[in-house]
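In what follows, a single structure is set out as structure tokens and then discussed.
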Amino acid sequence: MTQTDPFARLREAGLIAVIRADRPEYAVRVAGALLEGGISAIELTFTTPGAAQALAEVRKTHGDAVLLGAGTLRERGHVTAAVEAGVDFLVTAHLQLDLLAAMLAGGLPCLPGIFTPSEAAQALDAGAQAVKLFPASTAGPGHLRALRGPFPGLRVVPTGGIDAPDLEGWFKAGALAVGVGSELAPRALMEEGRWNEITQRAVRFAAAARAARQGIA
């Protein structure tokens, strides 16, 4: 990878914290807690009420310190709102070619969701340079290795059901980065305002990711 690669910052970050919150203010607080714990790449999903406003607030508060993504995009309006909020990358949980076209038109790094070889081929043929493997935990790192057989240059961010002890297996399988959601920031901790515990989880996950990537080219 070169320094001009649009996915270089995601690879450097290693972990992408996926925030699904019931309130926009929770999402903003969680983002701050995660950054404090050493996780710089954050994906805020559009399943969160007021997601666009929350994204804009995170960007305003933390500036370039956060590598900010919008996830679970389901329609073109989500793409427009995310771009206007100042995000750095765009993510879907599924493959929808017209939606992917709208995402790519914005010029930002895009991670369309795929699971099968056919979906991987469609995403690449449509112009995607990287993909999100979802749900990752139902397949495991072996699935990623198998996908990289017919698609040796495929850049993949596995996401869904991944805990800290699982990270090494995914990085060894060739993951560009790994997305972590409720295992890192459970909704129960948000609802109870236990932001320090989320920060502590971030510290643990970040350390696990660093250890997992040691010695991996």
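Quick notes on this one:
- Entry remark, region 165-217: residues being of a type in the set (A, V, I, L, M, F, W, C) and part of a helix (DSSP H, G or I) number 17 in total.
- Boolean, Thr92 is among the polar types (S, T, N, Q), buried (at least 20 other Cβ atoms within 10 Å of the Cβ) and touching a helix residue (DSSP H, G or I) at 6+ places or on another chain (Cβ under 9 Å): yes
- Qualifying residue in region 134-151 (condition: at pLDDT 95 or above, in a loop (DSSP other than H, G, I, E, B) and crowded, with 18+ Cβ neighbours inside 10 Å): yes
- Note on region 85-130: residues that are in a helix (DSSP H, G or I) and on the phi > 0 side of the Ramachandran plot amount to 0.
- Annotation note: of Leu44, Leu73, Leu68, the sole residue that is without any contact (Cβ under 8 Å) to a residue 60 or more places away in the chain, in contact with an Asp or Glu (Cβ under 6 Å, 6 or more places away or on another chain), under 21 Å from Thr159 (Cβ atoms) and crowded, with 20+ Cβ neighbours inside 10 Å is Leu68.
The values are calculated or read from the model by the stated rules, or taken from the named source; none is laboratory data. Keep in mind the model is a prediction, meaning the values are calculated, not measured. Methodologically, a virtual Cβ is constructed for each residue, glycine included, from the backbone with ideal geometry; neighbour enumeration extends over all protein chains shown.
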